[in-house]
1. Given 10 Å bins starting at zero, what is the percent of C-alpha pairs of the protein assembly as shown in each, up to the one with the largest pair distance?
2. Kindly work out what percent of the DSSP beta bridges joining two residues of chain A are antiparallel, to the nearest 5.
3. What ranking of B:80, B:214, B:171, B:293 emerges when the number of other C-beta atoms within 10 Å of each C-beta is taken as an exposure proxy, fewest first?
4. Run the numbers on chain A and let me know its relative contact order in percent, using alpha-carbon pairs under 8 Å that are six or more apart.
5. Stick to the Cα atoms of the range A:40-110, pair each with every other, and give me the Kirkwood hydrodynamic radius in Å at one decimal.
6. Can you tell me which of A:52, A:209, A:260 moves the most in a GNM of chain A? Springs connect C-alpha atoms under 10 Å apart.
7. Could you sort the peptides B:269-278, B:215-224 by per-residue average Cβ neighbour count (10 Å cutoff), highest mean leading?
8. Is there a simple number for the mean count of other chain Cβ atoms within 10 Å of the Cβ of residues in A:107-116, and what is it?
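Derivation of every value follows stated rules applied to the coordinates shown; laboratory data play no part. These figures come from a predicted structure and were not determined experimentally. Note that each Cβ is placed from the backbone with ideal geometry, even for glycine, and that neighbours are counted across all protein chains shown.
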């Protein structure tokens, strides 16, 4: 692996013990994020993107449980840390921006104080006054005019874009090494989305923060990410450099996904949609989950789980179509059925 | 409207401060209007203010020493010299009722100060952690809720021994489960909010989340509940006094005074009735005020 590796997630498996049965939320999530680079995590609703994000911070609440896998952050396995060590990592090393700024900010605390709170959580020696000052500085850096006054406002007094700026300030004020952005712009007006993305990119670059960008908007991904990992039903089915994956998608699902983007040049072309439905995650994982919807489906896809084939250094794909075209990814044992504890 | 216009002005500290001051003034003014509109609440508040003033200036208002026994002067009916008459030991009932306001307030305030924080902590912890902790704490609360408050208070007071301090402890013990349940319910509704997740994802400890972000959200409903409970607390204290488990003679406690007059109820009605009226009026005052506070704190009515 490259020396500048920051985060690597390996065969993460997360199940939810619900009343309706065991939900196999994540089965084999593997990807890595390099320092100062952005990885986009794509996939449709319910494929496990947000669960992945929460797992990294170990914020999976019961009935959810991380069954197996590793999350290496700067060489340390986050799943092996104790609660206090993990708490120290949250916020100061890894931060997470949520989707909806309006409900992600405490309605009864002034936004400036919330930004300051992040600092105070991690630095007991810091006094409230200087934390507030830093918070205001951070807000100003995010292009908030008159940051001192805005910092005294409550969340409901701010617009969506302003709220998301506050969220970003809150998460970047501690200068974390990794920022997880869980669909940071999907709740915003299209006109504001661009601004927010640009700001995020600029600031993370200045601070030197890597970004794990979760989105289902492939346009956003093309614009902001260096790497892309495509998820389907709890599995990362394709990962590679953004230009490789978007220009030469290999997995049939990625190909279909890209075809669903409406072509703005041709108004008469019918919209493309992937046939079939997202599979139920209640069923155990015994074959390729995309098989029922796939155009290239083979017999084998219905019986076996495809391993990940490494096509080249920057592109891997989990599909039997590529058998023999590349080595099977990493250590082979990770594809064996792991006994559940 | 004024605040909206001010946004366009450039920021200066003085303006911001006066803006905030304006907002606070507006809030108080609105509260005042709501308060005045509710006649019953005005009455309740005046009663409570009156009670507090009486308690504060008891030595000035009292005409006699509340403990002084003038035995040749016993069982005198109300007169110009002794407004409420005298009891079986010749003590001036008016002065005793005045001093009784102090005892009543003392008990009510201490019970509130003990049982609300305790209930709040138990409720927030139970609601926040859920699962087994929730189960244990709430079943414990259920045990206390299974008995009528007065019965439970009597049992505890009897076990601890008679006395004002023990009565306070007994009433607090009987009272906390109500606040715990309320705080738990509020916690459950706040806990799953996204902003709590955000705070946790920032690395805040459970203690910090509970103290800084959940407890403040529970306070307002607890305050309303407490103000409605005040009457019950005073009634329970008087009940304990009446049964001889609360304040001990010769303390001028209203419940105790009612009890003292029992045997003279037919011929010397004033010994029991007048302290009884004091209890009635104060309890009513607290109840009326509590109802009003609920309305004032309800943002939908603004």
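1. 3, 13, 18, 17, 15, 12, 9, 6, 4, 2, 1, 0
2. On the way: 34 of 53 bridges.
Of all bridge pairs located within chain A, approximately 65 percent are antiparallel.
3. B:80, B:293, B:214, B:171
4. On the way: 621 pairs, mean separation 66.7, N = 341.
Averaging sequence separation for qualifying contacts and normalising by length gives 20 percent for chain A.
5. Details: mean 1/r = 0.0713 Å⁻¹.
Across the range A:40-110, the inverse of the average 1/r is 14.0 Å.
6. Ranking A:52, A:209, A:260 by mean-square fluctuation puts A:260 first.
7. Working: B:269-278: 20.5, B:215-224: 17.9.
Packing proxy ranking, top to bottom: B:269-278, B:215-224.
8. Values: counts 3, 4, 5, 0, 0, 0, 1, 5, 0, 0.
That works out to 2 on average.
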